[in-house]
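Enquirer: Dumping the structure here so I can ask a few things about it.
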Ligand code: DWN
Ligand code: SAH
């Protein structure tokens with residue numbers, strides 16, 4: 001039986017996706033024959049309520065000089081992080097004497113706002129290619145993995161942080177205790193640690209199983225984060241639900257006893273208990289629900305193929321690696337995936353080897369059906385493509401169930 005990454009108790013996996021490649025390892029023809037895989041199972045620890053991947057690839061397999069995800073590809077997300085940054089400035093009364101640290105700053109989508117407002121900030125980003133883009137925006141970046149040791153070296157060179165921020169990064173890191181020890185050391189007495197990640201409640205309610213892939217080690221809830229913070233003499237003082245990435249939660253953590261705990265925390269924990277997220281039964285039907293989506297989608301794709309329809313996909317997301325590999329979607333069912341990210345283009349999707357083509361070729365390909373892998377950006381993308389898609393063309397989405405739009 002696996003041991004929990006948080007409390008070291010044994011727990012049982014509740015879903016098994018089998019062998020999976022690295023979600024963002026878009027491959028050249030040469031690389032396609034030599035792909036790394038790992039066994040992807042997810043379990044729930046009854047003792048500390050943490051949902052987690054049983055096995056994780058080494059971090060260097062995922063985050064390196066050629067990391068394929070650039071945060072700024074979505075206009076919606078650029079605005080989301082602008083609003084996020086300004087809300088932190090207001091909450092903490094930040095000015096030119098303050099200090100903000102972001103863990104996993106990627107291409108600088110959040111920190112660029114502090115640079116504009118002349119608030120001193122520092123990014124930590126181990127993937128060197130995306131960090132370079134942040135530097136070009138005038139952001140100071142350390143290209144290392146954040147942990148307790150790095151926190152100590154930041155304190156020695158800078159000052160304690162008034163705000164430590166992180167978005168879609170905490171759930172990527174298995175060594176949570178080193179992270180929380182680092183946060184505890186780096187945080188000013190009245191500082192706040194604010195992070196957001198895909199929310200367990202949404203994943204269970206919507207069966208958004210494709211939020212599960214190598215990089216996503218944990219699916220957090222207010223219950224599990226409150227417990228983890230407590231273990232490090234910290235306190236969960238606020239939670240705010242976000243619509244980003246198909247449903248996320250923003251958690252605010254402070255030194256214990258220093259700040260008022262919002263009613264949001266109590267209410268959210270009540271809601272999670274009502275949903276049963278603290279009981280293993282909540283997870284018992286998840287695998288069957290995923291298989292239902294698989295059966296419906298494969299049936300639809302085979303029918304469309306038999307009718308001679310042209311089916312392509314939109315958005316070579318990390319999530320799509322779980323969908324294509326678990327469902328067995330090959331180029332015989334989906335011709336190609338269109339994407340705006342240069343580093344993914346003219347390569348092949350991990351495992352199933354579906355060609356990824358430049359977005360510029362999407363309109364001229366004239367498809368009948370478009371499978372939306374970037375379903376979390378549906379509003380932005382469907383709006384952008386509304387004129388093109390109006391002529392007898394259809395979107396296919398599959399979360400929470402298979403639908404033709
Ligand atoms: O947690 C993570 C989140 C924040 O981002 C990381 N582990 C990796 C990544 O996950 P993802 O790859 O599932 O993220 P997205 O944001 O759903 O990816 C969208 C993809 O679609 C990108 O490759 C860019 C592309 N795209 C596009 O081609 N046209 C996106 C938009 C908005 C568009 O208009
Ligand atoms: N914050 C951005 C990027 C999310 S992608 C956004 O929300 O869009 C996850 C990022 O976490 C990657 O850029 C990856 O390099 C980074 N990362 C992974 N492990 C890390 C660690 N230990 N410390 C800092 N960053 C890390």
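Enquirer: Tell me which residues, restricted to segment 356-388, are more than 12 Å from ligand 1 (Cβ to nearest atom) and crowded, with 17+ Cβ neighbours inside 10 Å.
Expert: 367, 369, 371
Enquirer: Would you tally the residues in segment 69-94 being part of a loop (DSSP other than H, G, I, E, B) and either more than 24 Å from residue 377 (Cβ to Cβ) or more than 10 Å from ligand 2 (Cβ to nearest atom) (or both)?
Expert: 2
Enquirer: Still on this model: Being more than 16 Å from residue 54 (Cβ to Cβ) and within 16 Å of ligand 1 (Cβ to nearest atom) is the filter; apply it to segment 161-171 and report the residue that is nearest to the chain's Cα centre (by Cα).
Expert: 168
Enquirer: Can you spot a residue in segment 223-236 that is under 16 Å from the mean Cα position of the chain (by Cα) and closer than 19 Å to residue 43 by Cβ? Walk me through it before giving the result.
Expert: Restricting attention to segment 223-236, the residues satisfying the condition of being under 16 Å from the mean Cα position of the chain (by Cα) are none.
No - not one qualifying residue is present in segment 223-236.
Enquirer: Going through segment 75-94 one residue at a time, which ones are crowded, with 20+ Cβ neighbours inside 10 Å and within 12 Å of ligand 1 (Cβ to nearest atom)?
Expert: Within segment 75-94, 77, 80, 81 meet the criteria.
Enquirer: Shifting gears a bit: Starting from segment 282-304, take each residue that is farther than 13 Å from residue 206 by Cα and list its partners that are at pLDDT below 95 and outside any helix (DSSP H, G or I), counting only C-beta distances under 8 angstrom and pairs at least six apart or across chains.
Expert: none
Condition check ((1) more than 13 Å from ligand 2 (Cβ to nearest atom); (2) assigned to a loop (DSSP other than H, G, I, E, B); (3) modelled with pLDDT under 95; (4) in contact with a strand residue (DSSP E or B) (Cβ under 8 Å, 6 or more places away or on another chain)) across all residues:
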{"position": "32", "(1), (2), (3), (4)": "yes, no, yes, yes"}
{"position": "41", "(1), (2), (3), (4)": "yes, no, no, yes"}
{"position": "46", "(1), (2), (3), (4)": "yes, yes, no, no"}
{"position": "49", "(1), (2), (3), (4)": "yes, yes, no, no"}
{"position": "57", "(1), (2), (3), (4)": "no, yes, no, yes"}
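Enquirer: Now for a different question. Check off (1) touching a helix residue (DSSP H, G or I) at 6+ places or on another chain (Cβ under 8 Å); (2) surrounded by fewer than 19 Cβ atoms within 10 Å (Cβ to Cβ); (3) more than 28 Å from residue 247 (Cβ to Cβ) for residue 348 and give me the number that stays unchecked.
Expert: Condition not satisfied by residue 348: (2).
Enquirer: Please find, within segment 124-141, the residue that is farthest from residue 69 (Cα to Cα) out of those that are within 9 Å of ligand 2 (Cβ to nearest atom) and touching a strand residue (DSSP E or B) at 6+ places or on another chain (Cβ under 6 Å).
Expert: 124
Enquirer: So residue 277 fits all but one of (1) surrounded by 14 or more Cβ atoms within 10 Å (Cβ to Cβ); (2) within 15 Å of residue 397 (Cα to Cα); (3) away from ligand 2 (no atom under 16 Å from the Cβ); what number is the exception?
Expert: Just one mismatch for residue 277, condition (2).
Enquirer: Another question, if that's okay. From the set of residues in segment 172-201 that are under 15 Å from the mean Cα position of the chain (by Cα) and within 16 Å of ligand 2 (Cβ to nearest atom), which is farthest from residue 103 (Cα to Cα)? Full working, then the answer.
Expert: Here is the first cut: in segment 172-201, the ones under 15 Å from the mean Cα position of the chain (by Cα) are 172-174, 195-201.
Pick out the ones that are also within 16 Å of ligand 2 (Cβ to nearest atom) and you get 172-174, 195-199.
Working: 172: 11, 173: 11, 174: 14, 195: 9, 196: 11, 197: 13, 198: 16, 199: 19 Å.
So the residue we want is 199.
Enquirer: (1) crowded, with 20+ Cβ neighbours inside 10 Å; (2) under 28 Å from residue 294 (Cα atoms); (3) in contact with a helix residue (DSSP H, G or I) (Cβ under 7 Å, 6 or more places away or on another chain): which one isn't true of residue 17, the others all being true?
Expert: Against the list (1) crowded, with 20+ Cβ neighbours inside 10 Å; (2) under 28 Å from residue 294 (Cα atoms); (3) in contact with a helix residue (DSSP H, G or I) (Cβ under 7 Å, 6 or more places away or on another chain), residue 17 comes up short only on (1).
Enquirer: Filter segment 95-124 for residues that are outside any loop (DSSP other than H, G, I, E, B), within 16 Å of ligand 1 (Cβ to nearest atom) and free of Cβ contacts under 8 Å to residues at least 60 places away in the same chain; which is surrounded by the fewest Cβ atoms within 10 Å (Cβ to Cβ)?
Expert: The qualifying residue surrounded by the fewest Cβ atoms within 10 Å (Cβ to Cβ) is 124.
Enquirer: Separate question: So, residue 97, is that one more than 9 Å from ligand 2 (Cβ to nearest atom), over 15 Å from the mean Cα position of the chain (by Cα) and farther than 24 Å from residue 184 by Cβ or not? Full working, then the answer.
Expert: Details: more than 9 Å from ligand 2 (Cβ to nearest atom): yes; over 15 Å from the mean Cα position of the chain (by Cα): yes; farther than 24 Å from residue 184 by Cβ: no.
No: the conditions fail for residue 97.
Enquirer: Tell me yes or no: at least one residue of segment 78-96 is touching a helix residue (DSSP H, G or I) at 6+ places or on another chain (Cβ under 8 Å), within 29 Å of residue 286 (Cβ to Cβ) and modelled with pLDDT of 95 or more.
Expert: Yes, because at least one residue in segment 78-96 is touching a helix residue (DSSP H, G or I) at 6+ places or on another chain (Cβ under 8 Å), within 29 Å of residue 286 (Cβ to Cβ) and modelled with pLDDT of 95 or more.
Enquirer: When you scan segment 209-223, do you find a residue that is over 21 Å from residue 24 (Cα atoms), part of a helix (DSSP H, G or I) and in contact with a helix residue (DSSP H, G or I) (Cβ under 7 Å, 6 or more places away or on another chain), even just one? Give the steps one after another, and end with the answer.
Expert: Going residue by residue through segment 209-223, those that are over 21 Å from residue 24 (Cα atoms) are 220-223.
So of that shortlist, the ones also part of a helix (DSSP H, G or I) come out as 222-223.
Narrowing the set further to residues that are in contact with a helix residue (DSSP H, G or I) (Cβ under 7 Å, 6 or more places away or on another chain) leaves 222-223.
The answer is yes, given that some residue of segment 209-223 is over 21 Å from residue 24 (Cα atoms), part of a helix (DSSP H, G or I) and in contact with a helix residue (DSSP H, G or I) (Cβ under 7 Å, 6 or more places away or on another chain).
Enquirer: Does residue 205 meet the test of being free of Cβ contacts under 8 Å to residues at least 60 places away in the same chain, touching a helix residue (DSSP H, G or I) at 6+ places or on another chain (Cβ under 9 Å) and away from ligand 1 (no atom under 15 Å from the Cβ)?
Expert: Values: free of Cβ contacts under 8 Å to residues at least 60 places away in the same chain: no; touching a helix residue (DSSP H, G or I) at 6+ places or on another chain (Cβ under 9 Å): yes; away from ligand 1 (no atom under 15 Å from the Cβ): yes.
For residue 205, the condition - free of Cβ contacts under 8 Å to residues at least 60 places away in the same chain, touching a helix residue (DSSP H, G or I) at 6+ places or on another chain (Cβ under 9 Å) and away from ligand 1 (no atom under 15 Å from the Cβ) - is not met.
The values are calculated or read from the model by the stated rules, or taken from the named source; none is laboratory data. Given the structure is predicted, the values throughout are model-derived calculations rather than measurements. We place every Cβ from the backbone using ideal geometry, glycine too, and count neighbours over all the protein chains shown.
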